[in-house]
Structures are given as structure tokens and as C-alpha cells.
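Asks: One structure follows; several queries about it will come next.
What follows is calculated from the coordinates using simple rules that are stated; it is not laboratory data. All values reported here derive from a predicted model rather than from experimental measurement. Positions of Cβ are generated from backbone atoms using ideal geometry, with glycine treated the same way; all protein chains shown enter the neighbour counts.
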Amino acid sequence: MDSLYPATREAFALLMSGDPDLWEIVGISFQVSGTAILISAPVALLIAFSLAYFNFPGRRALISLFNTLLSFPAVVVGLIIYILLSNQGPLGNFRLLFTQSAMIIAQCVLCLPILIAMGHAAFQSADQRAWETARTLGKSPFGAFSLIVLEIRFGLLAALFSGFGRIIAEVGASMMVGGNILHHTRNIPTAIALETSKGNFSQGIALGIVLVVLAFVLNLLLQHFQGRGKLAL
């Protein structure tokens, strides 16, 4: 406890002083995870919609697969991506290992099951006749799809926030495929693991505070949007 208080005080000092190394790590985390969400969200949205509104062979198996992948260990995802991108792997010629691109790929794989599972649940909560009704009234497929998305927007927003929170805080996959390289692939979780192992608790605590504040802000935003939606009703 005697060493915890000075470390915590120094952590707040690092945050308030605008320490460039610390905020560079934060920036890398947001850049990588934000890109992964932007890539994954449209794909997940279309898959979730298809699973909810269309019957096709293997549909139930796909739903079970994505639900199973929700609990897939991040370190195993990192191992698979590492093998694929290594020099001996099938994608080794692209030389993506230990780059931000490799981290983005791993984080896309991690957040897709969350986005699809929660998106599927959100689409199923809507009136299943909405699609046919909108199409009967002359709406284009995109127009009918947009109406349904608008109706369940808060559920989809919760899925996005959950997916983002999952990948920005994971350490296993990012460490394996990114290599924790300073100024390049070192993000918040990998930096916390490294600095804590070195006994540099102040930077680890500072970065931990950033993650806690991020989780609070995401939850606050979700509550705000859901509150506005209820008022609109």
C-alpha cells in the first residue's frame, strides 16, 4: 500500500501532463481498435440480418458457431493469426506480422462474433413481419433494411460498444501478432502488461485509468441514446 499511493499519484500526473509516450500508446489503441470496428460492423450487420430474416441450409449451424466463438480465447485467435501470417504460413508473403494491420485482423476476428450474436438478437427482437410489409409497400431492399436498422438502433449500438470494449482491452492476440513494438504496435493492454512486469506501476495505472474511463463513457453514451429513444417514443 505504501508504494501504491505514490504510483497512483504519478499516474495521474502522467495523464495530466500530456506525457507523449503514454498518449501515443492510447492513440495507437484507438486507431487499431477503431479501424477493426469500422471494418467489422458492416459485415457483422449483414450476417446478423441474414441469420434473423432468411432461412438457408446451415443457418442454425452458423448461429451456433458464432455463439460458440463468443467465448473463444483471445490468445488462441492470436495463435491462429500468427501461424497464418508467419513466414511459413500461407499469408507470410504479405509480411503483416508484427504490424498494426495484423492487430486489426486479429481484433476483427475477435469482435465479429460479438457483433453478429448481439446484432442477431437485436434483429430478432424486431417484428419479423416488418421486412415483408416494407417490401410489399414498395420499399427497396435497402430501404426496408434501413427501416429495421432504425427500429433496433439501440440494440445495435450496444453491440458496437460491447465489441469495441472487448477488443480495445484484450492483450493476448495483440501481443502475439503485434509484438508490442514501441511507437508502432504497443497499445494500452500490452503496455500495461509490460510496464507492470517491469515494476513501472505508474504508467500501468495511468493506462488502466484510461480503460476504466473509456468503459464509463461508452456506458454513459449508451444510456444517453437509449434515454433519448424512450423520450422520442
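Asks: For Ile83, only one of the following conditions fails: (1) closer than 30 Å to Pro141 by Cα; (2) out of contact with any helix residue (DSSP H, G or I) (no Cβ under 8 Å at 6 or more places or on another chain). What is its number?
Replies: That leaves (1) as the condition not met.
Asks: Now, a different point. For segment 48-61, check the following and say yes or no: at least one residue is closer than 28 Å to Asn200 by Cα and of a type in the set (Gly, Ala, Ser). Step through it out loud before you land on a result.
Replies: Just the residues of segment 48-61 that are closer than 28 Å to Asn200 by Cα, to begin with: none.
Within segment 48-61, none of the residues are closer than 28 Å to Asn200 by Cα and of a type in the set (Gly, Ala, Ser).
Asks: Moving on to the next point. Considering only segment 130-179, how many residues are without any contact (Cβ under 8 Å) to a residue 60 or more places away in the chain, part of a helix (DSSP H, G or I) and among the charged types (D, E, K, R)?
Replies: Adding up the residues that qualify gives 4.
Asks: Can you report the number of residues in segment 183-215 which are over 17 Å from Ser33 (Cα atoms) and either assigned to a loop (DSSP other than H, G, I, E, B) or of a type in the set (Phe, Trp, Tyr) (or both)?
Replies: Just the residues of segment 183-215 that are over 17 Å from Ser33 (Cα atoms), to begin with: 193-206, 209.
Now restrict to residues that are either assigned to a loop (DSSP other than H, G, I, E, B) or of a type in the set (Phe, Trp, Tyr) (or both): 198-201.
Residues flagged as over 17 Å from Ser33 (Cα atoms) and either assigned to a loop (DSSP other than H, G, I, E, B) or of a type in the set (Phe, Trp, Tyr) (or both) within segment 183-215 amount to 4.
Asks: Counting only residues that are free of Cβ contacts under 8 Å to residues at least 40 places away in the same chain and small (Gly, Ala, Ser), which one in segment 189-203 is farthest from Gly165 (Cα to Cα)?
Replies: Residue satisfying both the conditions and the ranking: Gly199.
Asks: Could you tell me how many of the residues in segment 122-152 are of a type outside the set (Ser, Thr, Tyr), touching a Gly at 6+ places or on another chain (Cβ under 8 Å) and more than 14 Å from Leu46 (Cα to Cα)?
Replies: Residues that pass the stated criteria total 1.
Asks: Which of the following residues is of a type outside the set (Asp, Glu), surrounded by fewer than 17 Cβ atoms within 10 Å (Cβ to Cβ), in contact with a helix residue (DSSP H, G or I) (Cβ under 6 Å, 6 or more places away or on another chain) and within 24 Å of His224 (Cβ to Cβ): Phe161, Phe123, Phe154? Walk me through how you get there before you give the answer.
Replies: Details: Phe161 fails: surrounded by fewer than 17 Cβ atoms within 10 Å (Cβ to Cβ); Phe123 fails: surrounded by fewer than 17 Cβ atoms within 10 Å (Cβ to Cβ).
Step by step, each of Phe161, Phe123, Phe154 is checked, and only Phe154 is of a type outside the set (Asp, Glu), surrounded by fewer than 17 Cβ atoms within 10 Å (Cβ to Cβ), in contact with a helix residue (DSSP H, G or I) (Cβ under 6 Å, 6 or more places away or on another chain) and within 24 Å of His224 (Cβ to Cβ).
Asks: Here's another thing I want to ask about it. For segment 1-90, which fully contained helices (runs of 4 or more DSSP H) count at least 3 residues that are of a type outside the set (Val, Ile, Thr) and surrounded by fewer than 16 Cβ atoms within 10 Å (Cβ to Cβ)?
Replies: Working: elements: 4-17, 20-53, 59-69, 74-85.
The qualifying helices (runs of 4 or more DSSP H) are 4-17, 20-53, 59-69.
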